[in-house]
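Structure first, then comments.
We did not get these values from a lab; they are worked out from the coordinates using the rules stated. Keep in mind it's a predicted model, so treat the numbers as computed, not measured. Here Cβ is always computed from backbone atoms with ideal geometry, including for glycine, and neighbour counts include all displayed protein chains.
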Amino acid sequence: MTAAGIALSLRNPSAASAANTVTATMSLNTFEGVKGDVVFELYPDLAPKTVAAFKKYADDGLYDKTAFFRVAKFAGKGVLMGGDPWTKEEQYCYVDESSCATKFCYEKKADGGYSDQIAKTCTAGNWYGPDGFVTSSQRASRDDNGKAIRDKFGKGGPPGWRKDGLSKVKLEPEFGKVPIERGVISMRRFGNPDSAGSQFIISLSDMKDEMEGNHAAFGKVTQGLDLLDKVLEADTFKSEPLRFPRDDKKMATVWPAYNLPTTRQGIDKIVVQ
């Protein structure tokens, strides 16, 4: 390969992995009427474990009827966060495998499910209410005063996952493989490098300064970026600040706390082929 060819491969992950890309289709359905498919090319050559985890969660239906729970803009940049099963429209139940000893906490069946006698943690479902608002009567105030709702968003994941060191679900980090620019999708991580669960971040701006080398990017939008730009314009209200964890000695970037959408920014389904 020529020097020019090597440089192109380093700058453009889709060109470097074109022969082995995987396609993911995300079907949007928001309260404001943003509907349509967003198509991604995923890079199993560059981030095989991350792509495999994302595909498993999609195949398992973990992303079905969820929503973007952060619509964040700051300093001319923007990101969307999704992939949390706690945002499902229907009730979602799970057993926290890390909360107790397996043989005393629940009984796992041969098909991978759990016995009906075992207590599960469940969401109420329909977090945004029948009219699509978290609290429609207080939407104008941009603050629902409902911590019971707000505290759930961004804290869910696959069974056995926690965002701390007690998590039984760990995803080996594949950092620095794909430049985190506009349209790139990354797995959201927390304090530990291997702490990613099912949550993901879609960058709608160049996010190299905030995320490069500390987040596992694994794909990029090839169709429907305009739909995601419309989602980014959703009305938001007060939430916790948004942080981008780092493992180097640089200070983590923190975005102000107005990025929880007041209306449902729904994701009907994600299909990975």
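What percentage of all Cα-Cα pairs in segment 123-273 are separated by more than 20 Å?
In whole percent, the long-distance tail amounts to 56.
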Legend entry - Segment residue 181-residue 131, extension gain: residue separation times 0.36 nm, minus the distance between their alpha carbons: 14.5 nm
Inset, instruction - May I ask you to list the trypsin sites (Lys or Arg not before Pro) in segment 195-273 that are in a DSSP loop and have at most 13 other Cβ atoms within 10 Å of their Cβ? - result: 249, 250
Legend entry - Label point distance in nm, residue 25-residue 45, each placed 7 Å from Cα along Cα→Cβ: 2.5 nm
Inset, instruction - Determine, at each q value in 0.11 (inverse angstroms), the log₁₀ of I(q)/I(0) that the Debye formula gives when each Cα of segment 13-272 is one equal point scatterer. - result: -0.58
Legend entry - FRET efficiency for residue 225 and residue 110, using Cβ-Cβ distance with R0 set to 41 Å, rounded to 0.05: 0.40
Legend entry - Distance (nanometres) between label positions extended 7 Å along Cα→Cβ at residue 90 and residue 141: 3.4 nm
Inset, instruction - Return the FRET efficiency for the residue pair residue 269, residue 240: r is the Cβ-Cβ distance, R0 is 30 Å, and the value is rounded to the nearest 0.05. - result: 0.60
